[in-house]
1. Quick check on this structure: which one of PRO80, PRO84, PRO35 is at pLDDT 95 or above and either surrounded by fewer than 17 Cβ atoms within 10 Å (Cβ to Cβ) or aliphatic (A, V, I, L, M) (or both)?
2. Could you list all residues from the range 108-124 that are within 17 Å of LYS87 (Cα to Cα) and touching a strand residue (DSSP E or B) at 6+ places or on another chain (Cβ under 7 Å)?
3. Quick check: is even one residue across the range 13-24 part of a loop (DSSP other than H, G, I, E, B) and within 13 Å of ligand 1 (Cβ to nearest atom)?
4. Is it the case that CYS51 is on the phi > 0 side of the Ramachandran plot, within 13 Å of ligand 1 (Cβ to nearest atom) and not small (Gly, Ala, Ser)?
5. Would you confirm whether any residue within the range 78-86 is touching a Lys or Arg at 6+ places or on another chain (Cβ under 7 Å), outside any helix (DSSP H, G or I) and either within 11 Å of ligand 1 (Cβ to nearest atom) or closer than 20 Å to HIS28 by Cα (or both)?
6. Before we move on, is ARG9 more than 12 Å from ligand 1 (Cβ to nearest atom), buried (at least 16 other Cβ atoms within 10 Å of the Cβ) and charged (D, E, K, R)?
7. Could you figure out which of (1) under 30 Å from ASN152 (Cα atoms); (2) surrounded by 15 or more Cβ atoms within 10 Å (Cβ to Cβ); (3) at pLDDT 95 or above; (4) within 11 Å of ligand 1 (Cβ to nearest atom) isn't true of HIS61?
8. Small (Gly, Ala, Ser) and touching a strand residue (DSSP E or B) at 6+ places or on another chain (Cβ under 8 Å): does that describe SER146?
Amino acid sequence: MATDAKPVRKIIHIDMDCFFASVEMRRHPEFREVPLAVGGTPEERGVLSTCNYPARKFGLHSAMATAFAKKRCPGLVLLPVDFPAYKEESRAITEIFRRYTHRIEPLSLDEAFLDVTMNMLHDGSATLLAQEIREVIFKERGLTASAGIAPNKFLAKVASDWNKPDGQFTVAPDQVGAFAAALPVGKVPGVGKVSERRLLEMGIKVCGDLLPFSKEDMRKRFGSFGNDLYDFARGIDERPVNTERDRKSISTEDTFAKDIAGAEACRRELRTLYLNLLARISRAKDVKAEGPVYHCFVKIKYGNFQQTTIEKVFPDMALSRFEALFLERYKAPRPVRLLGVGIRLADGEDGDNGDKKENEPQRQLSLEL
Ligand code: TTP
Ligand code: MG
């Protein structure tokens, strides 16, 4: 065996089952067995964010117009979207992931890749590890999750759908080629309805049908995605679990129960925030907060929701730097609703931005429907 061979990676993709609806069913157990959807009302021409599995039996799904859904399923219970609750739940689930690995790439509020290559809790069985993570989520949070386990992100993501809901599926390293070859092209992440139709017109139903095409051919037909498709058809995906994505700063902020007013009151809060920031920085292992310069910033949101941020470069990140920034910008004695302090990171550094999972551009659009 070649000594420079890369070790086989172990990637778990976790996707919560009917996430928004599950959080609502936990609050309202009486809706567990009846068709339930979360979304906008027909009056506001809303759409479903998601629906539970009893509702899916009626053909209901995300992004369907609520008015249409109600016609299809007159007994449908509709609840409004409670975004803060789902965000909080997402944070709690991520905390569970962190017990097993810090290589976490959230894709949206309810979905993440975990690189567990180094975790030997079950003698290196990522399958048993995924089982444990799902059990812990259920025990501690009362929600079910599905998981896919594979040597790369592409296959792990596909596999998490295989036994959904409340199930998991493993693609072992020696099954990769066969699994990919048999995969219907429409299941490949990134192949939308249009590409799928084009592929079907070419007589290509499963990834295996793509094997005779050269990389050049694939690029001509599908542009830059052709490269990925060429690899995916062979079960290859070298993309790392990217914990650094969009992580540009590390910060902490607080919205006060009651607006505070005056420089003195604000300075007291800055002190608490500053200590919090230091704690965050020390927890975020890969952050190199060792200078030579620090891009410090302070955020102020006033009682009227007007917001301002001031940032400057300093040779250190002393509390007095943040106080100086605050005093330079604060319009006393206006009431302050929120204060935040942070440092901006140079590209490539790893932070601990709790809001990172909202940065996935495509999903963010749909999540805010
Ligand atoms: P998904 O994981 O796509 O769906 P889901 O968790 O509801 O159901 P499944 O069991 O099939 O995984 O999306 C996660 C959440 O994102 C979902 O609960 C609601 C929200 N969402 C939207 O708001 N709009 C959308 O169009 C989609 C697809 C999801
Ligand atoms: Mg989901």
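1. Sole residue among the options that is at pLDDT 95 or above and either surrounded by fewer than 17 Cβ atoms within 10 Å (Cβ to Cβ) or aliphatic (A, V, I, L, M) (or both): PRO80.
2. Selection gives ASP110, GLU111, ALA112.
3. Yes, the range 13-24 contains a residue that is part of a loop (DSSP other than H, G, I, E, B) and within 13 Å of ligand 1 (Cβ to nearest atom).
4. So CYS51 does not fit the description; no.
5. Among the residues of the range 78-86, not one is touching a Lys or Arg at 6+ places or on another chain (Cβ under 7 Å), outside any helix (DSSP H, G or I) and either within 11 Å of ligand 1 (Cβ to nearest atom) or closer than 20 Å to HIS28 by Cα (or both), which makes the answer no.
6. Answer is yes for this residue.
7. (2)
8. On the way: small (Gly, Ala, Ser): yes; touching a strand residue (DSSP E or B) at 6+ places or on another chain (Cβ under 8 Å): yes.
Yes; evaluated as a whole, the condition is true for this residue.
The values are calculated or read from the model by the stated rules, or taken from the named source; none is laboratory data. This structure is a prediction, so every number in the text was calculated from the model and none was measured. Neighbour counts are summed over all protein chains in view; Cβ atoms, including those assigned to glycine, are modelled from backbone coordinates with ideal geometry.
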